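Working notes, structure below.
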Amino acid sequence: MTVMSQSAVQEAREQDVVDRALPPSRGTGRRLRRAGAAVVHAVWPLIALFGAWALWVRAGDVPPAVAPKPGTVLEFLAENAGSFVGDALNTLAVVVGGLVVGAVAGVVLAALSWTSQIARAVINGPALLTQCLPVATITPVLARLFGYGVSTIVVITALISFFPVLVFAATGLRQTPAGADDLFVVLGAGRWTRFWRLAVPSAVPRVLVAMRVSVVAAVAGTMLAQWVMGTSGLGYRLIIAQTSFRTAEAWASSVVSIVLSVLLFAVVSAICRVVEKRFS
């Protein structure tokens, strides 16, 4: 993944040089085409999903109580757009908060594991164990510790997102460019100088990859935690609609969560591309 991210950054740089060398009108045209390609890249999976959904319902003669038609769900969304915006913003806030907390925790633990092999052994075992526990199992325990509120769902989202950051960051801190560590030692750089000037820049691109990996799982984990705890957001609305046999509302909640996941992935990817240019 590192090679792919570095090549993507190099390609983006070369493209920027080409755009600056072109007349303003042609450079603007190229940027608009790239923006259009990014939109298509984000939107076409949704179009394909809706197409497959419509074909499945029609070809399989699926009853509305099992799976309503896409048009029915979209009509329900249009009629209740305001309430879904509120639920989506609630879920979005929890996801972003959990991602930030998880990323910070993963980076801190990776930095501690960089200090010694003993620290690495102490950290890696419990960190792996947290990923083996199902969300539905650990949620009641965390609820007893942190209460039945939004803060507990943020903690659950952080638990889901921190492990990829920990793994990628720890790998990046150890895998510095060949010969660079020896060169720093020859130049008299201390251990912490090597950490800040060599290991950290090497780890940043990998942390960004981990964020892209984590963001979609964080949305799913947040919705599951909202479902189990019965608080608020898209997950809570989904379980209430299912238990009340409001199939169109339940599917509408799922559609909104999918759109939210795609948009979050696109935003995180865009941020990552900008930051990668700085650290490449």
Report summary line: The simple spin-label model distance between SER151 and LYS277, using points 7 Å out along Cα→Cβ, in nm, is 4.0 nm
Query - Label-zone membership for segment 65-104, site THR243, 7 angstrom Cα→C-beta point, backbone N under 11 Å - result: none
Query - Simple spin-label estimate for VAL267 and ALA93 in nanometres, 7 Å along Cα-Cβ - result: 1.4 nm
Report summary line: segment 210-265 and segment 159-176 have their Cα centres apart by a whole-number Å value of 26 Å
Query raised in the report: Quick one: what Rg and Dmax do you get for segment 211-275 from the alpha carbons, in Å?
Result: 13.5, 46
Query raised in the report: Over all directions, what mean area does the Cα convex hull of segment 70-279 project, stated in square nanometres?
Result: 13.6 nm²
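No lab work stands behind these numbers, since they all come straight from the coordinates. Not measured: the values here are computed from a predicted model. FYI the Cβ positions are ideal-geometry reconstructions off the backbone, even for glycines, and counts take in every protein chain you see.
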